[in-house]
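After the C-alpha cells below, expect a handful of questions from me.
The values are calculated or read from the model by the stated rules, or taken from the named source; none is laboratory data. In this text, all values refer to a predicted model and were calculated from it rather than measured experimentally. Here the Cβ positions follow ideal geometry from the backbone for every residue, glycine too, while neighbour counts run over all protein chains shown. Remember, those area values only see protein heavy atoms, side chains included, never the ligands or the DNA or RNA. Shrake-Rupley method; radii C 1.70, N 1.55, O 1.52, S 1.80 Å.
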Amino acid sequence: MRCQMLRDARFRALLSMRLSEFAMPTPPHINCERLIDRLATFNRIGALPGGGNCRLALSDEDHAGRDLLVRWMDELGLAVTVDAIGNIIGARSGREDIAPVMFGSHVDTVGTGGRYDGLYGVLAGLELCEALGEAGATTRRPLALVAFTNEEGSRFAPYAMGSLVYAGGTALEAAYAVRGIDGKTVGEELKRIGYAGAANPGWLKPYAYLELHIEQGPILEDEGLVIGAVEGITGLIWTEITVTGRAAHAGTTPIHLRRDAAYVAGEIVAFLRRLAHGLGGHQRCTAGRIELYPNLVNVIAERAVLTVDLRNTDATQLQAAQRELAACLDRLAAQENVTIATRSLARFEPVAFPDEIVSLVEATARELGLSCRRLPSGAGHDAQMMARLCPSGMIFVPSVGGLSHNVREETKPEHLHAGAEVLLNAVLKLAA
Ligand code: GLV
Ligand code: MN
Ligand code: MN
C-alpha cells in the first residue's frame with residue numbers, strides 16, 4: 001500500500017513535468033524520413049505482392065529481419081543481448097545504473113502482414129535512440145529497446161510468447177515444446193536460426209515499459225484523432241476444435257446418413273456470428289483457420305480442424321461466450337453424430353494499464369499539441385504481458401481504414417512521426 005502511494009506520487013511528479021525540463025543541450029527530435037527509410041528497408045525482407053510482408057516467427061525471413069535489427073542496434077552503439085527465448089534487447093546507458101525504461105514491440109508478422117504492425121514500434125524506438133545520440137543526450141535511467149519473439153502467434157500459439165516468457169508467465173521449456181502449424185517446435189527453430197541466446201528471459205527488470213503501435217482498428221481515424229492512450233487490452237481465448245465424422249460418397253450418401261465434418265464446421269462458424277451479435281459490441285468471434293480432410297470435391301469430409309478466437313474487454317462476458325460455444329459444440333455433436341474435441345491454444349484475462357502511464361501518454365500528446373483519446377485495444381500486444389512485470393502502457397496512431405493483418409495496412413507519415421515524438425517524450429519523462 002505504502003509502495004503504491006510512493007509510486008503514485010512519483011508518477012504525479014512525472015505528469016507535471018514539462019517537455020522543456022529535460023535540461024538537454026539540444027532537444028532531441030525524431031527524424032521522420034530516417035524512420036520511414038528504415039521501415040522501407042526492413043520491409044524488403046519477406047515482402048509480399050500488394051505491399052505487405054510475411055515474416056512468420058522464427059522463419060528464414062524473421063531470421064533476416066533480426067539480423068538487420070541487430071546490425072542497426074550495433075551501429076547505434078546499443079549493447080545487444082539475446083535471451084533464451086530469442087528476445088533481442090539493445091541497451092543504452094544512463095547516468096545512473098538503475099532500472100531502465102524499456103520500449104519496443106515485435107518484428108515478426110502474420111502470414112499476410114502489413115508493414116507497420118510491430119515493426120513501427122521497434123524502429124521508432126531505434127530512431128529515438130539515434131535522436132538522443134545526435135542531441136548528445138544521456139538520460140538518467142538507462143534505456144532498453146526490445147524486439148520480442150513471436151508476438152503474432154500465427155505459427156506458434158500463444159501469441160506474445162517472448163514477452164510472456166520474459167514476464168514469467170510461462171516456462172521456457174513449455175515455450176520450446178510448442179509445435180507450430182508446420183510441425184516444427186519453437187526450440188528447434190530458435191536454435192536453427194541462431195537466436196536461442198544465453199541470457200535468462202527477464203534478466204533486465206524495467207522501471208516501466210511503453211509500446212508504440214498502430215491502432216489496427218478504425219476509432220482514431222473515424223474521430224479524426226492522432227494519438228490513442230491505450231487503457232488496456234482485451235481478454236482472449238483461442239481454441240482448436242477437431243470435428244470427426246465419417247468420409248463417404250458425395251453422390252450416393254443420403255443427407256440423413258451423413259456424418260459431415262464440413263457441415264458441422266460451417267454451423268460453428270455461423271454460430272460465432274450469432275454469438276457476437278448476441279453478446280453485443282465488445283464481443284469478437286473469429287474462425288481464422290479451417291482445414292478439411294480429405295478435402296476432395298466428391299468426398300464428405302471425415303474431419304475438420306478449425307480455430308476459434310474469442311475476445312472481450314469484459315472478463316465475465318468472455319466467460320459467457322466460452323460457455324455458449326461449449327454448449328453449441330455439445331448440441332452439434334449429438335445432432336450430427338460426430339465427435340468434437342477441443343484443445344486450448346491461449347487464454348488471457350483482460351489487462352488494465354495503470355492510470356499513471358495512460359495519463360502520461362495523454363499529457364505528453366497534449367503538450368505536443370496532438371489530439372488524443374483513451375481507448376481499449378482489441379488486439380493482443382507484448383505490453384499486455386509486460387504489465388505483469390512493471391508499469392506498462394501503449395501509444396496508438398491511426399490505421400488507414402482501420403485495416404491490419406492485411407498487406408494493405410497503412411498509416412500516414414505524419415501519424416508515424418507524431419507517435420514517435422510521443423514515444424520519445426514520454427520515455428524521456430520516465431527516464432528523467
Ligand atoms: C495479435 O496480433 C493478436 O491480437 O492476435
Ligand atoms: Mn503487433
Ligand atoms: Mn499483429
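Right, Asn425: over 20 Å from Ala40 (Cβ atoms) and either more than 16 Å from ligand 3 (Cβ to nearest atom) or surrounded by fewer than 24 Cβ atoms within 10 Å (Cβ to Cβ) (or both) or not? Lay out the reasoning, then the answer.
Details: over 20 Å from Ala40 (Cβ atoms): yes; either more than 16 Å from ligand 3 (Cβ to nearest atom) or surrounded by fewer than 24 Cβ atoms within 10 Å (Cβ to Cβ) (or both): yes.
Against the criterion (over 20 Å from Ala40 (Cβ atoms) and either more than 16 Å from ligand 3 (Cβ to nearest atom) or surrounded by fewer than 24 Cβ atoms within 10 Å (Cβ to Cβ) (or both)), Asn425 qualifies.
Within segment 243-256, can one find any residue that is within 22 Å of Ala334 (Cβ to Cβ), within 34 Å of the chain's Cα centre (by Cα) and either acidic (Asp, Glu) or in a helix (DSSP H, G or I) (or both)?
Going residue by residue through segment 243-256, those that are within 22 Å of Ala334 (Cβ to Cβ) are 243-248, 253-256.
Now restrict to residues that are within 34 Å of the chain's Cα centre (by Cα): 243-244.
Filter once more, so that each one left must be either acidic (Asp, Glu) or in a helix (DSSP H, G or I) (or both): none.
No, that holds for no residue.
Another question, if that's okay. Restricting attention to segment 363-386, and to residues there that are assigned to a strand (DSSP E or B) and of a type outside the set (D, E, K, R), which single residue is most open to solvent (accessible area, probe 1.4 Å)? Break it down into steps so the answer makes sense when it comes.
So the first thing to find is which residues in segment 363-386 are assigned to a strand (DSSP E or B), and the list is 372-377.
Filter once more, keeping what is of a type outside the set (D, E, K, R): 372, 375-377.
On the way: Cys372: 13, Leu375: 1, Pro376: 59, Ser377: 2 Å².
Looking at residues that are assigned to a strand (DSSP E or B) and of a type outside the set (D, E, K, R), I get Pro376.
Do you know which of the residues in segment 130-150 that are surrounded by 24 or more Cβ atoms within 10 Å (Cβ to Cβ) and within 19 Å of Leu416 (Cβ to Cβ) is farthest from ligand 1 (Cβ to nearest atom)?
Here the answer is Leu145.
Sticking with this one: Which of the residues that make up segment 171-190 are assigned to a loop (DSSP other than H, G, I, E, B) and open to solvent by 50 Å² or more (accessible area, probe 1.4 Å)?
Step one: of segment 171-190, the residues assigned to a loop (DSSP other than H, G, I, E, B) are 171, 177-178, 180-184.
Residues satisfying the conditions are Ala171, Ala177, Ile181, Asp182, Lys184.
Now for a different question. Looking for something touching a residue at least 60 places away in the same chain (Cβ under 8 Å), in contact with an Asp or Glu (Cβ under 6 Å, 6 or more places away or on another chain) and open to solvent by 10 Å² or more (accessible area, probe 1.4 Å) - is there at least one such residue anywhere in segment 91-111?
Scanning segment 91-111 turns up at least one residue that is touching a residue at least 60 places away in the same chain (Cβ under 8 Å), in contact with an Asp or Glu (Cβ under 6 Å, 6 or more places away or on another chain) and open to solvent by 10 Å² or more (accessible area, probe 1.4 Å).
Checking the condition free of Cβ contacts under 8 Å to residues at least 60 places away in the same chain, more than 27 Å from the chain's Cα centre (by Cα) and open to solvent by less than 70 Å² (accessible area, probe 1.4 Å), which residue from Ala262, Ala276 passes? Step through it out loud before you land on a result.
Numbers: Ala276 fails: more than 27 Å from the chain's Cα centre (by Cα).
Only one candidate passes the filter, namely Ala262.
Looking only at segment 361-370, decide whether some residue is closer than 21 Å to Leu119 by Cα and more than 16 Å from ligand 3 (Cβ to nearest atom).
Here is the first cut: in segment 361-370, the residues closer than 21 Å to Leu119 by Cα are 361.
Next cut, more than 16 Å from ligand 3 (Cβ to nearest atom) only: 361.
Yes; the residues of segment 361-370 include at least one that is closer than 21 Å to Leu119 by Cα and more than 16 Å from ligand 3 (Cβ to nearest atom).
Please pick out the residue among Leu332, Leu325, Leu306, Leu318 that is more than 16 Å from ligand 2 (Cβ to nearest atom), buried (at least 18 other Cβ atoms within 10 Å of the Cβ) and over 33 Å from the mean Cα position of the chain (by Cα).
Values: Leu325 fails: over 33 Å from the mean Cα position of the chain (by Cα); Leu306 fails: over 33 Å from the mean Cα position of the chain (by Cα); Leu318 fails: over 33 Å from the mean Cα position of the chain (by Cα).
Every option except Leu332 fails the conditions.
Still on this structure, please answer the following. Filter segment 93-137 down to the residues that are more than 16 Å from ligand 2 (Cβ to nearest atom) and among the β-branched types (Val, Ile, Thr) and list them by number.
Ile98, Val101
Which residues, taken from segment 387-413, are open to solvent by 20 Å² or more (accessible area, probe 1.4 Å), over 24 Å from Ile237 (Cβ atoms) and either among the aliphatic types (A, V, I, L, M) or in contact with a Cys (Cβ under 8 Å, 6 or more places away or on another chain) (or both)?
The answer is Val400, Leu403, Val407, Pro413.
On to the next question. Somewhere in segment 292-299, is a residue away from ligand 3 (no atom under 16 Å from the Cβ), assigned to a loop (DSSP other than H, G, I, E, B), free of Cβ contacts under 8 Å to residues at least 24 places away in the same chain and within 30 Å of Met385 (Cα to Cα)? Before the answer, list the steps.
We begin by selecting, within segment 292-299, every residue away from ligand 3 (no atom under 16 Å from the Cβ); these are 292-299.
Adding the requirement that they be assigned to a loop (DSSP other than H, G, I, E, B) leaves 294-298.
Imposing the further condition that a residue be free of Cβ contacts under 8 Å to residues at least 24 places away in the same chain reduces the set to 295-296.
Keeping just the survivors that are within 30 Å of Met385 (Cα to Cα) gives none.
No: segment 292-299 contains no residue that is away from ligand 3 (no atom under 16 Å from the Cβ), assigned to a loop (DSSP other than H, G, I, E, B), free of Cβ contacts under 8 Å to residues at least 24 places away in the same chain and within 30 Å of Met385 (Cα to Cα).
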